[in-house]
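Peer 1: The structure follows.
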Amino acid sequence: CGVIGIYSQNDVSKKLFYGLNSLQHRGQEASGICVFNGEDMILDKGMGLVYDNFDDESFLKLKGNVGIGHVRYATAGGSYRYNSQPLLAFSKNREFALAHNGNLVNHQSIRDELEEEGMLFQTAIDTEVILSLVAKYYKGDIVEAVKKTMARIKGAYSVVMLFEDKLIAFRDPNGFRPLLIGRAKNGEVIIASENAPLEIIGTDAIRNVEPSEIIVVDKKGIHSDFFEKAEKKHCIFEYVYFARTDATLDGVNSYNFRRRCGEILSREAPVEADLVIAVPDSGTPAAMGYAQESGIPFAEGLVKNRYMGRTFIKPTAEERELSVKLKLNPLETVLKGKRIILVDDSIVRGTTSKNLIKRMKKAGAKEVHMRIVSPPVKFPCYYGINTPSRQKLIAANYSVEEMRKKIGADSLAFISMEGMLNATLMKENKFCEACFNGTYAVEPKELVQDEK
Ligand code: 5GP
Ligand code: SF4
Ligand code: MG
């Protein structure tokens, strides 16, 4: 998911809309905006893309100088309107609105407990547990309420919240999912999942919201507080795939990372070939890095339908195959008679690579050597990326050689864990890599049981 919050002297809804647009890659299922107009919160949300959800009529209603927005990619709870965000709750004569990126690992037991106390839930999402706890713990001091909530919830959360005339943000102690804050010269403050909306809407000084940090923005300015600190565990998959190529999150630039991964992989797994081809778009910088380092020319060999969006979470294998077909088409004039190195960011189920290799060969490619700029994904993510269960992860069930046969490649290689970490240029390892090595910083107990 993607979140944004803006505190300003002027109307914020259009800016929230533009900001959400530049976070659209983080979720295409639903989108929503909530503003505070000085008296009431006004909420507008629906299924589908940001551009389809808001029009001039929405902006006439969404009047307010402070607001939050959300784009959804389902990780907990089905893809229904009632599960879309922001969430708005009334409690103790007050309104609380909240939007969340991440995934809690202990929301079920908290939900059971709150239901036991008589609380009713209106959605199936973990986010509502956060909102309910903040409302429950609010006794006149909102930061205290957030701290008490943070003491209960476990897992990944980057949250933006509206309370009275305040914009509030908080990030989990491990900092799994990104969150940034920027301030413009005129005093406007923007908080968002990535830097693109901050740069596009226009802020000058940008910094990360730190893990465990709680920020309150109101007429007194920006106030920062902290919950207990823990070891940093930023999601490395943000740089591999999830974030936009122009994202700089927690000190790592996604484009540079992807490019370096390609260079490193070309040294780790060289092969003789005529052309380096990317699976666009997340594979493109890596393919360029691979090409530059190996001296083998980069070429465009796949034409992408830019109107398809990210199509990975279709329910059936047939639909996923069809999506790949609709999204990417081999360019026969480039591929014919050539030995190809095909670079992609990751293999999850193996659908994309298998389908592409088959069709590239049909288009005349003589050989296809698959190169993947992340290690094999062997474990599910419980912190906000929707990887399937282990049975469906091809690398959890087959060796590299077996995978090579299954996807029909002439050779297959993945970047090493060390290589990927080196590509961050960070001296210390402050990253979560659980989907690659199974080391979970926060035990996903409940969910692991769910899965069985
Ligand atoms: P596979 O086809 O092997 O199941 O998935 C790998 C492909 O899906 C890669 O091209 C990668 O860019 C993309 N991908 C990996 N993780 C995700 C994800 O969480 N969401 C979406 N939409 N695509 C993903
Ligand atoms: Fe990111 Fe993987 Fe960790 Fe999930 S398990 S937070 S996808 S690195
Ligand atoms: Mg891809």
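The values are calculated or read from the model by the stated rules, or taken from the named source; none is laboratory data. The model shown is predicted, which means the values in this text are computed figures rather than measured ones. In this analysis, Cβ positions are derived from the backbone assuming ideal geometry, glycine residues included, and neighbour counts consider all displayed protein chains. The area values use the complete protein model at the heavy-atom level, side chains included, leaving out ligands, DNA and RNA. Shrake-Rupley method; radii C 1.70, N 1.55, O 1.52, S 1.80 Å.
Peer 1: Over the stretch 1-121, with every protein chain in place, what whole percent of the accessible area is carbon and sulfur at 1.4 Å, could you tell me?
Peer 2: After summing per-atom areas, the C and S share lands at 48 percent.
Peer 1: Rounded, prolate or oblate: which fits the stretch 68-138, taking a ≥ b ≥ c as square roots of the Cα gyration tensor eigenvalues, rounded meaning a/c under 1.5, else prolate when a/b beats b/c?
Peer 2: The shape class here is oblate.
Peer 1: For the stretch 194-351, what does the alpha-carbon gyration tensor say about shape, rounded, prolate or oblate, given a ≥ b ≥ c as the root eigenvalues, a/c under 1.5 as rounded, and a/b over b/c as prolate?
Peer 2: Here the stretch 194-351 falls in the prolate category.
Peer 1: What residue among Ser132, Tyr18, Val143 has its Cα farthest toward the positive end of the dipole of the chain, where the charges are +1 on Lys, Arg and -1 on Asp, Glu, each on the Cβ?
Peer 2: Tyr18
Peer 1: Counting only protein heavy atoms and using a 1.4 Å probe, what share of the accessible area of the stretch 133-176 belongs to carbon plus sulfur, as a whole percent?
Peer 2: On the way: 570 of 1130 Å².
C and S atoms contribute 51 percent here.
Peer 1: Compare the Cα positions of Val343, Tyr383, Ala395 along the charge dipole of the stretch 343-452 (+1 at Cβ of Lys, Arg; -1 at Cβ of Asp, Glu; about the Cα centre) and return the one farthest towards the positive end.
Peer 2: Val343
Peer 1: For the pairs Lys15/Lys148; Lys45/Lys304; Lys336/Lys358; Lys327/Lys361, note any where the Cα-Cα span goes beyond 24 Å.
Peer 2: Lys15/Lys148; Lys45/Lys304
Peer 1: Please compute the modelled spin-label separation between Thr316 and Asp274, points set 7 Å along Cα→Cβ, answer in nm with one decimal.
Peer 2: Going from the Asp274 label point to the Thr316 one covers 3.8 nm.
Peer 1: Quick query: amide H of Ala156 versus all other amide H atoms, modeled in the peptide plane; which residues come in under 5 Å with a sequence gap of 5 or more or a different chain?
Peer 2: Asn103, Leu104, Val105
Peer 1: Which whole-Hz couplings ³J(HN,Hα) result when phi for each residue of the stretch 360-375 is put into the Karplus expression 6.51 cos²θ - 1.76 cosθ + 1.60, θ = phi - 60°, listed in order with x for Gly and Pro?
Peer 2: 5, 5, 4, 7, x, 4, 6, 9, 10, 9, 8, 10, 10, 8, 9, x
Peer 1: At 222 nm, what helix-only mean residue ellipticity would the chain give, in deg cm²/dmol to the nearest 500, using -39500 (n - 2.57) for each DSSP H run of four or more?
Peer 2: -8500 deg cm²/dmol
Peer 1: Using θ = phi - 60° and the Karplus curve 6.51 cos²θ - 1.76 cosθ + 1.60, what whole-Hz ³J(HN,Hα) does each residue of the stretch 227-237 get, with Gly and Pro shown as x?
Peer 2: For the stretch 227-237, the Karplus curve yields 8, 4, 7, 9, 5, 5, 9, 5, 5, 6, 5 Hz.
Peer 1: Let me know the shape class of the chain, please: from the alpha-carbon gyration tensor, a ≥ b ≥ c as square roots of the eigenvalues, rounded when a/c is under 1.5, otherwise prolate if a/b is greater than b/c, or oblate.
Peer 2: In terms of gyration-tensor shape, prolate.
Peer 1: Applying the Karplus parametrisation 6.51 cos²θ - 1.76 cosθ + 1.60 with θ = phi - 60° to the phi angles of the stretch 334-349, what ³J(HN,Hα) value in whole Hz is obtained for each residue in order, glycine and proline being reported as x?
Peer 2: 8, 7, 3, x, 9, 8, 10, 9, 9, 10, 10, 6, 7, 10, 10, 8
Peer 1: I would also like to ask the following. Tell me, what is the per residue accessible area of the chain in Å², probe radius 1.4 Å?
Peer 2: Value returned for the chain: 41 Å² of accessible area per residue.
Peer 1: Something else now. Please work out the Cα center distance from the stretch 78-155 to the stretch 340-401, rounded to the nearest Å.
Peer 2: Cα centroid to Cα centroid, the span is 37 Å.
Peer 1: Putting +1 on Lys and Arg Cβ atoms and -1 on Asp and Glu Cβ atoms, find which of Pro297, Val279, Val252 reaches farthest to the positive end of the dipole of the stretch 241-321.
Peer 2: Val252
Peer 1: To the nearest 20 debye, what charge dipole does the chain have about its Cα centre, counting +1 at the Cβ of each Lys and Arg and -1 at the Cβ of each Asp and Glu? Display every interim value, and only then the final one.
Peer 2: Working: 61 positive and 59 negative charges, 257 e Å.
Value, rounded to 20: 1240 debye.
Peer 1: Starting from the Cα of Lys166, draw a straight line to each of the aspartates and glutamates and keep only those under 17 Å, dropping any in the same chain fewer than 8 residues away.
Peer 2: Of all the aspartates and glutamates, those that pass the test against Lys166 - Cα under 17 Å, at least 8 places apart if same chain - are Asp11, Glu39, Asp40, Glu95, Asp141, Glu144, Glu188, Glu213, Asp218, Asp225.
Peer 1: Further question: For the chain, what does the relative contact order come out to in percent, with C-alpha contacts under 8 Å and a separation of six or more?
Peer 2: Result for the chain is 13 percent.
Peer 1: Shifting gears a bit: Ranked by accessible surface with a 1.4 Å probe, highest first, in what order do Lys148, Lys304 come?
Peer 2: The ranking, largest first, comes out as Lys148, Lys304.
Peer 1: May I ask for the distance between the Cα centers of the stretch 49-66 and the stretch 218-283, given as a whole number of Å?
Peer 2: When both Cα centres are located, 32 Å separates them.
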